[in-house]
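The values are calculated or read from the model by the stated rules, or taken from the named source; none is laboratory data. Since we're looking at a predicted model, the values are computed, not measured. Note that each Cβ is placed from the backbone with ideal geometry, even for glycine, and that neighbours are counted across all protein chains shown. Only protein heavy atoms, including side chains, enter the accessible area calculation; ligands, DNA and RNA are left aside. Shrake-Rupley method; radii C 1.70, N 1.55, O 1.52, S 1.80 Å.
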Amino acid sequence: MRQKLVIGNWKMHGSLAANAALLDGIKAASARATLAVCAPFPYLAQCQTLLSGSQVAWGAQDVSAEARGAFTGEVAASMLAEFGVSYALVGHSERRTYHGETNATVAAKALRALEFGIVPVVCVGETLAEREARQTEAVVGRQLQAVLDALSIEQLGRIVLAYEPVWAIGTGKTASSAQAQAVHAVLRAQVAGKDAGVASRMAILYGGSVKPDNAAELFSMSDIDGGLIGGASLKADDFLAIGNA
Ligand code: PGA
């Protein structure tokens, strides 16, 4: 059976006090899925302190494609590894949109994370205009292909994929379970084109306005292995309810 995984993406939210309360709430309970939280960089040390020895893993929201050097403002995978980071989001649509990340950059970031034993959570997804133009499969296909081309089969076996339709992120509009499943099946088939075994084992998460009341239906689909949760990951009860869905 594939791993069931629910990852919180705090985005640019939080404070030392708010995070401590949230993490206390999350780690006190148990969930059926593996749980992780992706915190802003300054709070990774706090996550390491508060979550070490718990069932909850932590991750970063981005990672530099570069190893080290004169890259002001960037954070290296080697640095994340020193803070016990298990996951790094790469290619989140907000990074692609506001920071001009290309498919090639995203693939390079995934490779760099893997080099330091960090699982890249590779995010793909189409805009509303692309969906309406019936370009969904072409767009997510290109986003995924850049990663398939850059990684070996062994490396691919260590990534997590996340399908996040841009029109569903933070909008309260979720893809229907059928819409999401259809894209997840296409993505898995594309991975299978490179290696069927890796495809059958790869966790593919859905993200975009996942809430306690829609999570169970989404997660019941055969190719949806969990979720990448933004807004609802900031409330312990909601995040845990999704983790138990
Ligand atoms: P949302 O965000 O759950 O608030 O829609 C998801 C994401 O951007 O990862």
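Is there any pair linking a residue in the stretch 1-16 that is open to solvent by 50 Å² or more (accessible area, probe 1.4 Å) to one that is part of a loop (DSSP other than H, G, I, E, B), with Cβ under 7 Å and at least six apart or on different chains, and which?
Between residues of the stretch 1-16 that are open to solvent by 50 Å² or more (accessible area, probe 1.4 Å) and residues that are part of a loop (DSSP other than H, G, I, E, B), the close pairs are Arg2/Ala203; Arg2/Asp225; Gln3/Ala203; Gln3/Asp225; Lys4/Arg32; Lys4/Ala33; Lys4/Asp225; Met12/Pro40.
Applying the selection to the stretch 160-194, what residues are more than 16 Å from the ligand (Cβ to nearest atom) and open to solvent by 10 Å² or more (accessible area, probe 1.4 Å)?
Within the stretch 160-194, the subset more than 16 Å from the ligand (Cβ to nearest atom) is 178, 181-182, 185-194.
Correct list: Ala178, Gln181, Ala182, Ala185, Val186, Arg188, Ala189, Gln190, Ala192, Gly193, Lys194.
Look at the stretch 30-43 and say how many of its residues are surrounded by fewer than 22 Cβ atoms within 10 Å (Cβ to Cβ), hydrophobic (A, V, I, L, M, F, W, C) and not in a loop (DSSP other than H, G, I, E, B).
The qualifying residues number 1.
Where the second residue is away from the ligand (no atom under 11 Å from the Cβ) and open to solvent by 50 Å² or more (accessible area, probe 1.4 Å) and the first is within 15 Å of Leu35 (Cα to Cα) and lies in the stretch 209-230, which pairs have Cβ atoms under 7 Å and are six or more apart or on separate chains?
Asp225/Arg2; Asp225/Gln3; Asp225/Lys4; Gly226/Lys4
Could you list, in sequence order, the residues of the stretch 185-218 that are within 22 Å of Ser233 (Cα to Cα) and outside any loop (DSSP other than H, G, I, E, B)?
Ile204, Leu205, Tyr206, Gly207, Pro212, Asp213, Asn214, Ala215, Ala216, Glu217, Leu218
Go through (1) without any contact (Cβ under 8 Å) to a residue 40 or more places away in the chain; (2) of a type in the set (Lys, Arg); (3) closer than 23 Å to Thr34 by Cα for Arg158 and report which single condition fails.
Exception for Arg158: condition (1).
Would you check if there is a residue in the stretch 183-198 being touching a residue at least 60 places away in the same chain (Cβ under 8 Å) and charged (D, E, K, R)?
no
Please specify each residue of the stretch 219-245 satisfying the condition of being within 10 Å of the ligand (Cβ to nearest atom) and assigned to a loop (DSSP other than H, G, I, E, B).
Gly230
Keeping to the stretch 93-124, report how many residues are within 16 Å of the ligand (Cβ to nearest atom), surrounded by fewer than 17 Cβ atoms within 10 Å (Cβ to Cβ) and part of a helix (DSSP H, G or I).
Going through the stretch 93-124 one residue at a time, the tally reaches 2.
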